[in-house]
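To start, the structure under review is shown below, and the notes come after it.
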Amino acid sequence: MPKRGKKYREAVASYDKTTLFEVPEAMKHVVETSKAKFDETIEVHIKLGVDGRHADQQVRGAIVLPHGTGKSKKVLVFAKGPKAAEAEAAGADYVGAEEMAQKIQSENWFDFDVVVATPDMMGVVGRLGKILGPKGLMPNPKSGTVTMDVEKALAEIKAGKVEYRLDKTNIIHTPIGKASFGPEKLQDNFNALLEAVVKAKPAAAKGQYLRSVTVASTMGPGVKVNPALIQF
């Protein structure tokens with residue numbers, strides 16, 4: 001284990017790490033323990049009582065957070081003709097087709113945070129699956145990134161849309177803002193995300209759905225939220 005810095009040790013000492021907090025208290029602690037010299041991102045880590053290896057227990061979706069994420073995202077749109085023009089007018093950072101796929105393949109180019117594609121471009125984008133997939137960048141209809149409504153997709157992404165999906169250990173990791181947002185705005189974003197995740201509960205899921213919920217800043221310790229008190 002690497003030795004933790006003084007600020008981290010002080011942050012841990014400022015509260016009981018074993019306590020399961022109510023949401024307002026958790027947000028207060030995660031902001032207070034954000035001690036870095038930059039504006040730290042606040043993330044939620046949600047362990048679910050599902051088995052993501054089964055298709056009927058997958059949990060995935062997207063939501064526009066009430067207060068955004070505090071980070072402006074660069075968007076690459078795969079589109080042609082009028083839809084390419086629509087994407088440019090709507091504020092896409094990069095727009096193209098085969099030439100963009102070639103740039104990613106040959107130059108290992110990843111100067112973007114989100115990929116949007118019109119359905120007719122998925123033949124081109126699909127060939128990038130092994131490159132984009134592991135990075136979580138593959139467009140998907142469930143997250144609204146495979147769509148003919150390019151303008152709407154861009155508006156939502158720029159407004160603070162986040163995707164949530166299970167990792168291999170059945171945990172969702174999603175940013176809900178910056179420490180500078182303060183506890184109240186972070187709580188609004190947290191509630192919006194958790195409500196979406198709860199509503200996305202698969203019918204095949206058995207037993208306790210929300211196993212554990214933790215919030216943490218980029219450099220700070222995790223603060224545990226009591227999952228039993230999260231109800232929508």
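The values are calculated or read from the model by the stated rules, or taken from the named source; none is laboratory data. Remember, it's a predicted structure, so these values are computed and weren't measured experimentally. We place every Cβ from the backbone using ideal geometry, glycine too, and count neighbours over all the protein chains shown. Remember, those area values only see protein heavy atoms, side chains included, never the ligands or the DNA or RNA. Shrake-Rupley method; radii C 1.70, N 1.55, O 1.52, S 1.80 Å.
How would you classify the range 167-232 from its alpha-carbon gyration tensor, with a ≥ b ≥ c the square roots of the eigenvalues: rounded for a/c under 1.5, else prolate if a/b is greater than b/c, otherwise oblate? Prolate shape, in that a/c is at least 1.5 and a/b is the bigger ratio.
Add -39500 (n - 2.57) for each DSSP H run of 4 or more in the chain, then divide by its residues: what number comes out at 222 nm, to the nearest 500 deg cm²/dmol?
Numbers: 8 runs with 73 residues, N = 232.
Calculated from helices alone, the mean residue ellipticity at 222 nm is -9000 deg cm²/dmol.
Surface composition of the chain: carbon and sulfur make up 52 percent of the accessible area, probe 1.4 Å. Among GLY136, GLY144, GLY68, the largest mean-square fluctuation in a Gaussian network model of the chain, built with springs joining Cα atoms closer than 10 Å, belongs to GLY136.
With the cut-off at 1.5 for a/c, could you classify the range 111-211 from its C-alpha gyration tensor as rounded, prolate or oblate?
Numbers: a/c = 1.94, a/b = 1.34, b/c = 1.45.
Oblate, because a/c is 1.5 or more while a/b does not exceed b/c.
Ordering MET219, ASN140, PHE181 by Cα displacement along the dipole of the range 89-229 toward the positive end leaves MET219 in first place; charges were set at the Cβ atoms of Lys, Arg (+1) and Asp, Glu (-1). Fully extending the segment from PHE232 to ASP120 would add 36.5 nm, taking 0.36 nm per residue of separation and subtracting the current Cα-Cα distance.
Sort the chain into rounded, prolate or oblate with this rule: let a ≥ b ≥ c be the square roots of the eigenvalues of the Cα gyration tensor; rounded if a/c is under 1.5, and if a/c is not under 1.5, prolate when a/b is larger than b/c, oblate otherwise.
Values: a/c = 2.04, a/b = 1.63, b/c = 1.25.
Prolate, since a/c reaches 1.5 and a/b exceeds b/c.
Take the Cβ atoms of ARG211 and GLU151, set R0 to 35 Å, and the FRET efficiency comes out at 0.35. Over 31 Å apart at the Cα level, from the set LYS35/LYS142; LYS73/LYS168; LYS83/LYS178; LYS47/LYS80; LYS28/LYS142, are LYS35/LYS142; LYS83/LYS178; LYS47/LYS80; LYS28/LYS142.
If R0 is 30 Å, the Cβ-Cβ spacing of ASP167 and GLU25 corresponds to a FRET efficiency of close to 0.65.
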